[in-house]
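The values are calculated or read from the model by the stated rules, or taken from the named source; none is laboratory data. Just so it is clear, the structure is predicted and the values come from calculations on it, not from any experiment. Using ideal geometry, Cβ is built from the backbone for each residue, glycine included, and neighbour counts are taken over all protein chains shown.
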Amino acid sequence: MMKAAYYRKQGPARDVLEVGEVAEPVPGVGEVRVRIAVSGLNPSDIKARTGFSASMPYPRVIPHQDGAGVIDRVGDGVPVERTGERVWVYEAQQGSPNGTAAEYVVVPSHKAVELPAGVSMDVGATLGIAALTAHRCLLSDGSIRDKRVLVHGGAGAVGSAAIQLAKWAGAWVATTISNAAQAAVARAAGADLIIDRHRESTVDVLMGATDGEGVDRIVDVDLIANAATNLACSSGGAVVSAYALQQATDAVSVPMLEAMKKGIVYRFVYIYSVPLSEKLVAIRDITQCLSAGAYMPEIGMKVRLNQIVDAHDAMESSTVIGKILVDVSSEAL
Ligand SMILES: NC(=O)c1ccc[n+]([C@@H]2O[C@H](COP(=O)([O-])OP(=O)(O)OC[C@H]3O[C@@H](n4cnc5c(N)ncnc54)[C@H](OP(=O)(O)O)[C@@H]3O)[C@@H](O)[C@H]2O)c1
């Protein structure tokens, strides 16, 4: 048996999340088993638990897509040499009832990616959804070396991942924030220009800083609110990548003539549907970025497994800046 957090019905964290003993998973063909050290939270895990994304997909769900740990067993078809490898895990709970909020998780071998030497388990557990989404937004449309990038919401998990990956890839990066604490996170991530979106005009500041030319890539957390800003700030042929919805409605209105004249490309990103071949390209780049020491995400909160409700509540109420992690190491259980 192993210790795990799980829910058997959807609802508020305090009502549905339990911590207890469940059967240890066994890896099948092409799978590895990871002894989880740190489990990483994402808004997606909250949406799954509350029923926002879909109704209850399995009788019992162990939450969380992301995590980091050590491979302790491999299934048939996986080189036995992978045993003992330090890995980060992504999309563990996609298509499976069992995520990373447990002592062990079994995933297809490709979802357990070797962590470069010296990269901590905490950083490994932050990667999954945030880094893969940021990469998809930034680098699906060619090199961004010497290009100009605008990241809306640069203190968010995806936003700060995007700043770091864009800097690693050789871009100049502007970002928007809401307050001083967020500015500090964006600065630490490497942003070249930080704009307070409530006190300054993003368009004026950005156009001033780019000699009126605008930006070549936009990574957008709120396309509906930012549509006009994006059009005004885009250079010819810019790519606007939208990965999130902040409103109940999902209908976007775009002034087409202006967008056509600028030749703007809109890219909609949903990480779960990105083809594996493209995720593998992203993983290669993320590994290089990690190895170069260029990826150091802000960790906002880390709790023990039996405090998982506090972690979910903090994410749901947006009270923490930085990634929220759950310690599943043997010392913390
Ligand atoms: N499509 C996908 O595959 C995918 C992948 C990952 C995440 N997501 C979604 O993306 C969203 C963000 O995820 P996350 O993990 O990065 O969350 P997070 O860490 O909470 O970050 C969200 C950030 O967005 C900022 N923000 C909100 N509205 C904004 C606006 N109009 N302009 C600029 N910044 C704004 C917030 O700042 P303020 O405090 O100023 O509001 C916050 O810093 C979630 O809804 C998540 O479900 C989607």
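Some observations on this one:
- Subset of segment 57-96 [among the charged types (D, E, K, R) and outside any loop (DSSP other than H, G, I, E, B)]: 66, 72, 73, 81, 82, 86
- Segments classed as helices (runs of 4 or more DSSP H), wholly inside segment 103-209, with at least 1 members that are away from the ligand (no atom under 16 Å from the Cβ): 121-139, 157-168, 202-209
- Any chance residue 70 is within 22 Å of residue 332 (Cβ to Cβ), assigned by TED's automatic domain parsing to the domain that holds residue 311 and either at pLDDT 95 or above or in contact with a Leu (Cβ under 9 Å, 6 or more places away or on another chain) (or both): yes
- With a requirement of 1 or more residues that are assigned by TED's automatic domain parsing to the domain that holds residue 36 and more than 20 Å from the chain's Cα centre (by Cα), the helices (runs of 4 or more DSSP H) lying completely within segment 250-333 that satisfy it span 308-316.
- Here residue 9 meets each of (1) surrounded by 19 or more Cβ atoms within 10 Å (Cβ to Cβ); (2) not in a strand (DSSP E or B) with one exception, condition (1).
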